[in-house]
Amino acid sequence: MVKTPDELALMRVSGRLLARVFEMLDGLALAGMSTLQVNDLVERFITGELQARPASKGQYGFGFVLNASVNQVVCHGVPEAARILREGDIVNLDITLEKDGFIADSSKTYLVGEVAPAARRLVQVAEAAMWQGIRQVRPGAHLGDIGHAIERHARRHGCSVVREYCGHGIGRAMHEEPQVMNTGRPGAGLRLRPGMVFTIEPMINQGRRQVATEPDGWTVVTVDGKLSAQFEHTVAVTAAGVEVLTLRRGEAAA
């Protein structure tokens with residue numbers, strides 16, 4: 001669960017490379033693209049430009065390099081040629097990357113063109129909830145502090161937090177211990193130590209928190225059909241507090 005200094009150095013490399021993927025996506029006009037086109041673009045960028053491996057492809061039998069979760073899709077959205085991104089959509093792109101044996105994991109919810117004010121607000125709440133969780137990370141803090149901060153922020157803004165999916169330890173494997181829940185009690189759960197590396201990834205719903213999985217076995221949607229948004233970073237506990245390994249250029253804590 002605790003990485004050595006050499007392992008952390010390699011994870012920083014993976015994190016910086018994954019940040020470059022999102023920096024590339026930040027410059028795209030997504031409207032009119034299919035989610036499969038986005039997937040294929042990301043695959044070419046990771047394998048060609050970055051000389052790395054898209055860690056999600058083949059994981060658990062998943063055939064793509066990213067999840068593209070549009071509007072009411074909470075997570076695990078499958079890229080499709082027929083799913084064209086339209087003005088007013090929101091889409092979470094969840095991407096993993098492996099370099100030299102170590103994996104980084106991050107996601108961002110993008111606004112496609114001009115979106116409704118309520119959709120924009122949800123995305124802002126989800127991003128800020130992630131940062132509220134990240135701010136709790138320091139030696140001696142507890143996992144419950146992270147989940148409590150995330151849920152408190154979401155509830156204050158009239159949103160709900162998905163409980164079926166959560167953050168996780170990460171390193172040589174995509175999913176390691178511990179589980180990092182998006183709800184919790186202050187002072188509860190595992191005590192954090194320098195060298196621990198995990199993801200923080202709240203999924204925030206506009207309406208009810210309940211979700212359902214569609215017949216494809218992957219796509220998770222809100223039961224009430226309302227919007228969902230997610231943000232994710234891979235973070236390391238340091239002696240001084242926290243280091244965001246997947247931080248993108250120009251990104252600041254919300």
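The values are calculated or read from the model by the stated rules, or taken from the named source; none is laboratory data. For clarity, every value in this text was computed on a predicted model and none was experimentally measured. So basically every Cβ, Gly included, is an ideal-geometry build from the backbone, and we count neighbours across all protein chains shown. The protein model used for the area step is the full one, side chains on, heavy atoms only, and it has no ligands, DNA or RNA in it. Shrake-Rupley method; radii C 1.70, N 1.55, O 1.52, S 1.80 Å.
Worth pointing out:
- Axial C-alpha extent at least 27 Å, average Kyte-Doolittle at least 0.0 - helices from the chain (DSSP): 5-26
- Cross-link partners of LYS3 among lysines, defined as those whose alpha carbon lies under 18 angstrom from its own and excluding same-chain residues fewer than eight positions apart: LYS99.
- Convex hull volume per residue for segment 118-238, taking Cα atoms only, in Å³: 97
- Projected onto their three principal axes, the Cα atoms of segment 65-117 cover extents of 41, 24, 17 Å, largest first.
- Relative compactness, segment 1-145, computed as alpha-carbon Rg over 2.2 N^0.38 Å: 1.12
- Here the extension length gained between ARG249 and GLU114 equals 46.2 nm, from 0.36 nm per residue of separation less the Cα-Cα distance.
- A convex hull fitted to the Cα coordinates of segment 101-140 yields 73 cubic angstrom per residue.
- Carbon-plus-sulfur accessible fraction, the chain (probe radius 1.4 Å, protein heavy atoms only): 50%.
- Pairwise Cα inverse-distance average, inverted: Kirkwood Rh of the chain (Å): 18.0
- The chain, dipole about Cα centre (Lys/Arg Cβ +1, Asp/Glu Cβ -1), debye to the nearest 20: 780
- Note that the chain presents 42 Å² accessible area per residue, ligands and nucleic acids not counted, probe 1.4 Å.
- Peptides 3-14, 199-210 ranked from most to least packed give 199-210, 3-14, packing being the mean of other C-beta atoms within 10 angstrom over each peptide's residues.
- For THR234, the residues 5 or more places off, or on other chains, whose built amide H falls under 5 Å of its own are ASP105, LEU245, THR246.
- Hz values of 3J(HN,Hα) by residue in segment 81-95 - Karplus curve (6.51, -1.76, 1.60), Gly and Pro given as x: 5, 7, 8, 8, 6, 10, 3, x, 6, 10, 9, 8, 10, 10, 10
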